[in-house]
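Just below is one structure, and these are the notes that go with it.
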Amino acid sequence: MEKEKTISFKNSNAKRFLDAFNNIDYFLKTRYNFNRAMGFSELIRKCVVLNYTIRKYEDDLVDYGRLRNAIIHNNNEDIVIAEPHDSVVEKIEHIEKILTTPPKAIDTVARRDVLTISADKSMREVIKTIANSNYSNLPVYKDDILVGVANGQKILDSFGKFLISGGKAEVFLSSVKIEDMLSKIENSNYYFVAPVNFTIEECLKEFNKNHKLLAILFTKDGERNQLPLGIMTGADVIKANKILEDF
């Protein structure tokens with residue numbers, strides 16, 4: 001019988017692959033407090049609902065778990081019996097980088113020049129501000145506390161309902177305050193307040209789990225009584241994905 005061929009471990013593709021694999025395994029178990037003895041495939045399956053990047057690369061990572069078992073001998077990483085292809089090594093290292101050192105949304109995709117508006121402004125003033133600024137999501141503050149987000153589509157929907165119910169356009173524009181309009185919206189799950197250290201991956205997870213989400217507002221600690229430092233909208237999702245691809 002032919003003797004099993006082994007490959008030098010130092011500076012090999014196998015070492016690079018196993019280093020990235022082990023870092024991913026350790027990171028996920030530590031971050032989500034999973035048992036250290038959990039198998040890699042089970043770990044990936046459990047993290048699919050917790051992490052956008054894992055969801056995106058689930059099939060690849062499960063395959064890498066099988067590959068890891070194929071390239072080492074009896075769990076001894078000093079005895080390598082196969083070398084992964086360059087493209088495989090580059091991809092798992094890319095996934096590792098996204099997971100362990102993810103880019104922050106505030107530094108990459110979020111718009112930093114956030115325009116806010118006072119809760120006592122009339123709908124006419126709000127609509128004019130949106131039109132002049134070309135921003136469709138304006139955080140609304142009352143006594144330095146966030147009370148909602150003035151969204152162009154939400155305003156249009158509210159205006160339409162007001163007219164259908166018999167209201168006069170001039171009354172809506174002049175007498176209704178943005179705070180009044182926001183109080184009549186059935187739910188506020190179309191925006192989300194996040195801390196300034198929120199990563200792109202965490203933002204994409206929020207957009208993925210809530211298809212009604214229109215904007216993520218960033219404050220220092222994710223609190224409503226803090227000034228906005230940045231904003232990300234649904235229109236930024238494609239850009240965010242591209243940043244992760246190129247990261």
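The relative contact order of the range 13-99, computed from alpha carbon pairs under 8 Å that lie at least 6 residues apart in sequence, is 40 percent. Pairs from the list K97/K220; K184/K209; K184/K242; K46/K239; K46/K142; K56/K161 with a Cα-Cα gap above 31 Å: K184/K242; K46/K142; K56/K161. Amide H contacts under 5 Å for L214: Y191, restricted to partners 5 or more places along the chain or on a different chain, H placed in the peptide plane at 1.01 Å from N.
Ordering F247, G160, I106 by Cα displacement along the dipole of the chain toward the positive end leaves G160 in first place; charges were set at the Cβ atoms of Lys, Arg (+1) and Asp, Glu (-1). Counting only DSSP beta bridges whose two residues both lie in the range 107-246, roughly 65 percent are antiparallel. Computed from label points 7 Å out along Cα-Cβ, the spacing between N132 and S118 is 1.4 nm. Converting phi to 3J(HN,Hα) with the Karplus coefficients 6.51, -1.76 and 1.60 and the offset θ = phi - 60°, the range 230-235 yields x, 8, 10, 10, x, 5 Hz in sequence order, with x at every glycine or proline.
If the only charges are +1 at each Lys and Arg Cβ and -1 at each Asp and Glu Cβ, what is the size of the charge dipole of the range 13-99 around the Cα centre, to the nearest 20 debye?
On the way: 13 positive and 14 negative charges, 91 e Å.
Here the range 13-99 has a charge dipole of around 440 debye.
Calculate how steeply helix 200-209 sits against the longest principal axis of the alpha-carbon atoms of the chain, using the helix alpha-carbon long axis, and give the answer as 0 to 90 degrees to the nearest 10. So the helix axis and the longest Cα principal axis differ by about 70 degrees.
DSSP beta bridges confined to the chain are antiparallel in about 70 percent of cases.
For the pair the range 124-149 and the range 156-173, the centres of their Cα atoms are 19 angstrom apart. Residues whose amide H lies under 5 Å from that of G230, counting only those 5 or more places away or on a different chain, are F218; hydrogens are built 1.01 Å from N in the peptide plane. Against the chain, whose longest principal axis comes from its Cα atoms, helix 152-164 is set at around 40 degrees.
Dipole check for the chain: with +1 at the C-beta of Lys and Arg, -1 at the C-beta of Asp and Glu, and the Cα centre as origin, the magnitude is about 520 Debye.
If R0 is 41 Å, the Cβ-Cβ spacing of V147 and N208 corresponds to a FRET efficiency of close to 0.95. Relative to the longest principal axis of the Cα atoms of the chain, helix 123-133 runs at roughly 50 degrees. Among R66, R111, sorting on how many other beta-carbon atoms sit within 10 Å of each Cβ, with the fewest leading, yields R66, R111.
Kindly provide the helix-only [θ] at 222 nm of the chain, computed as the sum of -39,500 (n - 2.57) over DSSP H runs of four or more divided by all residues, to the nearest 500 deg cm²/dmol? Can you show the working numbers first?
Working: 12 runs with 122 residues, N = 247.
Roughly -14500 deg cm²/dmol at 222 nm, from the helical runs in the chain.
For the chain, the relative contact order comes to 19 percent (Cα pairs under 8 Å, sequence separation of at least 6).
Treat every Asp and Glu Cβ in the range 149-247 as -1 and every Lys and Arg Cβ as +1, leave all other atoms uncharged, and give the resulting dipole magnitude about the Cα centre to the nearest 20 debye. It works out to roughly 300 debye.
Read-outs: derived from the displayed coordinates by stated rules, not from any lab. All values reported here derive from a predicted model rather than from experimental measurement. Every residue, glycine as well, gets a Cβ built from its backbone with ideal geometry; the counts of neighbours run over all protein chains shown.
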